[in-house]
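Asker: Just dropping this structure here.
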Amino acid sequence: MGQEAIRGPEPGRQTLWDWRAAGNFSFGGTGTSLFVFAALAGLRNPDWLRLAGLPALVLVGAGLACVGLEIGRPFRSLNVFFRVRSSWMSREAWAAAALFVLGAPAAVFELAWLAVAAAVLSLAMLYTQARMLQAAKGIPAWRVPAVVPLMLVTGLCEGMAALGVGAAVLERRAAAVAAGLAVLLALRLWTWRNYRRALGEAGAPRAAIAALDALQRSFVIAGHLLAWLLLATWLLAPEAARAPVLLIACLAALLAGWYLKFVLVTRAGYDQGFALQRMPARTPHLSPAGSVKPGW
């Protein structure tokens with residue numbers, strides 16, 4: 001056995017999910033939410049279904065492609081469709097398939113009624129992604145229930161930010177998007193605070209907590225305070241400067257959400273290690289009756 005296979009009781013960082021899994025959560029969360037907002041905007045202006053709905057489906061496809069990069073035997077991936085009763089990953093696969101079946105014609109032909117049905121499937125896929133992360137019970141930073149609203153609100157915030165990028169470029173519906181993004185940023189910051197408090201109460205490996213603490217400053221400052229400041233500036237900016245200001249604000253909010261998911265999956269994904277309920281008598285520096293939880 002090689003030396004790299006030997007590990008002690010301390011928590012170790014999982015390696016099964018890497019940047020590709022984070023890409024699925026990022027692109028998939030943004031794409032599904034963007035399609036929801038495209039469908040809502042399309043109720044009044046059907047051309048938004050094509051302008052934002054098609055890019056939304058491209059983002060969802062990019063997320064699924066990231067998952068495909070992880071698969072060593074691509075044809076075995078079809079097995080994911082056969083465990084709907086027990087696997088959130090299977091439910092995600094079915095929701096994604098149904099989303100493309102309904103969402104693609106809705107976006108191409110600008111069918112608002114069909115887009116609303118596809119938007120329901122988009123929300124279902126976003127929910128399955130959040131529950132899929134929380135279902136990984138061996139990872140303390142993922143299994144707390146507070147991660148579900150965090151992932152849901154983060155996805156919605158990313159979708160609104162992505163819609164804002166289009167609104168800034170096209171100079172359409174900018175006021176509605178800016179207001180919606182400001183509200184969703186507040187909700188995302190609130191769910192982040194709740195998640196960190198819940199994780200602190202439940203306990204987690206020190207390395208996972210350190211990774212999240214290292215993220216917090218840039219996530220809060222760049223992803224929220226800066227975005228809010230830019231949105232406030234957008235209200236007062238001259239007409240010629242409003243589009244670039246809104247674009248930067250939306251990109252800050254979008255990239256902060258992606259960075260959160262990247263850190264949560266790749267850097268904070270430590271397992272719980274081993275808790276030693278009784279120490280052996282041959283360790284005189286520790287009480288034989290005591291218990292230890294290394295790395296926590």
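The values are calculated or read from the model by the stated rules, or taken from the named source; none is laboratory data. Being a predicted model, the structure only gives us computed values, none of them experimental. Don't worry about glycine lacking a Cβ; one is built from the backbone with ideal geometry, like all the others, and counts go over all protein chains shown.
Asker: Report, ordered by the first and then the second residue, all pairs with beta carbons closer than 8 Å, sequence separation of six or more or different chains, a first member in segment 213-241 that is of a type in the set (Asp, Glu), and a second member that is surrounded by 19 or more Cβ atoms within 10 Å (Cβ to Cβ) and in a helix (DSSP H, G or I).
Answerer: Listed by first residue and then by second, the contacts come to nothing, as the list is empty.
Asker: Criterion first (closer than 26 Å to GLN272 by Cβ and out of contact with any Cys (no Cβ under 8 Å at 6 or more places or on another chain)) does ALA141 satisfy it?
Answerer: Considered against the rule, which asks whether it is closer than 26 Å to GLN272 by Cβ and out of contact with any Cys (no Cβ under 8 Å at 6 or more places or on another chain), ALA141 comes out as yes.
Asker: Assess whether VAL67 counts as being in a helix (DSSP H, G or I), modelled with pLDDT of 95 or more and of a type outside the set (Gly, Ala, Ser).
Answerer: no
Asker: Can you name the number of the only condition in (1) modelled with pLDDT of 90 or more; (2) buried (at least 18 other Cβ atoms within 10 Å of the Cβ) that ARG242 fails?
Answerer: Result: ARG242 fails condition (1) only.
Asker: Scan segment 137-146 and tell me whether some residue there is touching a residue at least 40 places away in the same chain (Cβ under 8 Å), touching an Asp or Glu at 6+ places or on another chain (Cβ under 7 Å), on the phi < 0 side of the Ramachandran plot and small (Gly, Ala, Ser).
Answerer: Yes, some residue in segment 137-146 is touching a residue at least 40 places away in the same chain (Cβ under 8 Å), touching an Asp or Glu at 6+ places or on another chain (Cβ under 7 Å), on the phi < 0 side of the Ramachandran plot and small (Gly, Ala, Ser).
Asker: In segment 210-226, what residues are of a type in the set (A, V, I, L, M, F, W, C) and surrounded by 15 or more Cβ atoms within 10 Å (Cβ to Cβ)?
Answerer: Once the filter is applied, which keeps residues that are of a type in the set (A, V, I, L, M, F, W, C) and surrounded by 15 or more Cβ atoms within 10 Å (Cβ to Cβ), segment 210-226 yields ALA211, LEU212, LEU215, PHE219, VAL220, ALA222, LEU226.
Asker: Listed residues PHE219, PHE262; which is of a type outside the set (A, V, I, L, M), closer than 23 Å to VAL177 by Cα and not in a loop (DSSP other than H, G, I, E, B)?
Answerer: Selected residue: PHE219, the only one of PHE219, PHE262 that is of a type outside the set (A, V, I, L, M), closer than 23 Å to VAL177 by Cα and not in a loop (DSSP other than H, G, I, E, B).
Asker: Tally the residues that are at pLDDT 95 or above, aromatic (Phe, Trp, Tyr) and within 18 Å of GLU171 (Cβ to Cβ), restricting the search to segment 24-64.
Answerer: So the count comes out to 1.
Asker: Return yes when SER90 is among the polar types (S, T, N, Q), surrounded by 18 or more Cβ atoms within 10 Å (Cβ to Cβ), at pLDDT below 95 and within 19 Å of the chain's Cα centre (by Cα) and no when it is not.
Answerer: Against the criterion (among the polar types (S, T, N, Q), surrounded by 18 or more Cβ atoms within 10 Å (Cβ to Cβ), at pLDDT below 95 and within 19 Å of the chain's Cα centre (by Cα)), SER90 qualifies.
Asker: Here's a follow-up. Scanning for something under 10 Å from the mean Cα position of the chain (by Cα), surrounded by fewer than 21 Cβ atoms within 10 Å (Cβ to Cβ) and either farther than 25 Å from PHE219 by Cα or aliphatic (A, V, I, L, M) (or both), does segment 116-130 turn up at least one residue?
Answerer: no
Asker: Next question. Out of all the residues in segment 180-209, which are farther than 19 Å from GLY155 by Cβ, free of Cβ contacts under 8 Å to residues at least 60 places away in the same chain and surrounded by fewer than 14 Cβ atoms within 10 Å (Cβ to Cβ)?
Answerer: Scanning segment 180-209 gives ARG197, GLY200, GLU201.
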